[in-house]
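Following: one structure in structure tokens, then a few remarks.
What follows draws every value from the coordinates through simple rules; no lab data is involved. All of these numbers come straight from a predicted model, not from anything done at the bench. FYI the Cβ positions are ideal-geometry reconstructions off the backbone, even for glycines, and counts take in every protein chain you see.
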Amino acid sequence: MCALIADPSPERGPQQKPLPRKGPGPSRIAYRLRRFWAKSWVRNCALVYIPLSALGGFGWYLAGQEEVRAAVEQQWDRAMEALADRPEFAVTQIEVQGGRPALQARVREELGLPGTVSSMRLDVDALRAEVEAMGRVESAVVTLLPPDTLQISIVERIPAALWRDDDGVTHLVDRGGVLIEPVADRAARSDLPLLLGEGATEAVDEALALIATAPEIAPRLRALVRIGERRWDMVLTRDLTIRLPEEDPARALARVAALHYGEELLDRDLATIDLRLPGRPTLRMTERAAETVRALIERLRAGGEDT
């Protein structure tokens with residue numbers, strides 16, 4: 001007889017879901033926070049923009065305080081002065097290039113820089129303006145060269161003529177009419193033409209061109225006089241004056257040179273050669289020549305009456 005053996009296992013009912021178990025990973029909130037922090041704009045805001053805004057606001061608040069601002073400026077000035085006094089910023093050499101040695105020495109003397117000066121205290125633009133204010137200097141370039149050299153490169157003005165002002169002072173001028181410096185004596189620069197009259201400095205180039213067109217007349221030239229700021233009179237030796245026209249004076253002067261070449265016009269006893277009217281030159285004799293002519297006419301008249 002068979003014995004019935006009870007199955008010790010419980011009855012199999014409907015399948016049940018296993019209970020959730022807490023694993024080793026982050027919680028849902030932590031996971032979301034990590035995902036949020038992973039965004040670049042969140043990190044930039046938290047690490048850069050917000051701290052900078054807070055710092056700027058605090059700085060703005062401090063800047064509005066008069067005592068704080070004054071203290072900061074004072075400390076800044078002290079720090080800059082201490083930095084400027086450091087030996088590595090000292091300028092101990094001044095190098096001047098260009099121009100004559102006399103002009104280079106004058107530049108050094110007039111700048112009056114001490115033997116040692118800080119490069120942080122030098123105003124390069126102001127130094128350049130000071131150098132260019134000297135009449136002999138046309139332009140200048142001022143440069144700080146490491147470690148301790150101040151270099152000044154200058155272009156010297158070239159005197160082209162002499163100009164005498166209303167007070168009788170004679171100045172050297174360049175082709176642009178810029179006054180360079182006064183000269184004590186006209187004979188000191190006898191190689192340069194003398195210009196007189198108002199407006200002469202504005203027409204230096206024109207005067208030099210006139211002289212160049214008449215090399216036969218140039219050795220006799222004593223002065224060029226500007227008349228009415230529009231034309232020239234040429235004063236030659238023997239007190240002869242050539243009055244040039246306003247229009248095309250070079251052509252009129254060439255005509256005088258041609259007459260001198262053929263007739264020795266400039267060697268005659270003439271006081272004035274007036275060329276202001278085209279096609280109608282006028283010659284005026286000197287007083288001595290006029291007296292000689294009058295005496296000759298009187299003798300001829302007297303001789304005629306005797307006959």
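Measure off 7 Å from each Cα along the Cα-to-Cβ vector at ARG28 and ARG175, then give the distance between these two points in nanometres to one decimal.
Distance between the two pseudo-spin positions: 9.3 nm.
Please give the FRET efficiency for TRP76 paired with GLU132, using the beta carbon to beta carbon distance and R0 = 30 Å, rounded to the nearest 0.05.
Once the sixth-power term is evaluated, E becomes 0.35.
Just to verify a number: FRET efficiency for LEU265 and ARG186, C-beta to C-beta distance, R0 = 22 Å, to 0.05?
On the way: r = 27 Å, r/R0 = 1.22.
Rounded to the nearest 0.05, the efficiency is 0.25.
Hey, can you grab everything whose amide H is under 5 Å from the amide H of ILE94? Only 5+ residues off in sequence or another chain; H modelled, so Pro and N-termini drop out.
Here LEU150 satisfy the definition.
Between LEU47 and ALA102, what is the FRET efficiency for a Förster distance of 41 Å, r being their Cβ-Cβ separation, to the nearest 0.05?
0.05
As an exercise, identify the GluC sites (Glu not before Pro) in region 198-277 lying in DSSP coil whose Cβ has no more than 11 other Cβ atoms within 10 Å.
GLU229, GLU246, GLU247, GLU264
Taking the Cα centre of each part, how many Å lie between region 230-262 and region 128-143?
Each part reduced to its Cα centre gives a spacing of 39 Å.
With label points built 7 Å along Cα→Cβ from the Cα atoms of LEU55 and ALA295, find their separation and express it in nm.
About 10.6 nm, to one decimal.
Among LEU145, THR116, VAL96, whose Cα lies farthest out toward the positive end of the dipole of region 34-166, if unit charges sit on the beta carbon of Lys, Arg (+1) and Asp, Glu (-1)?
LEU145
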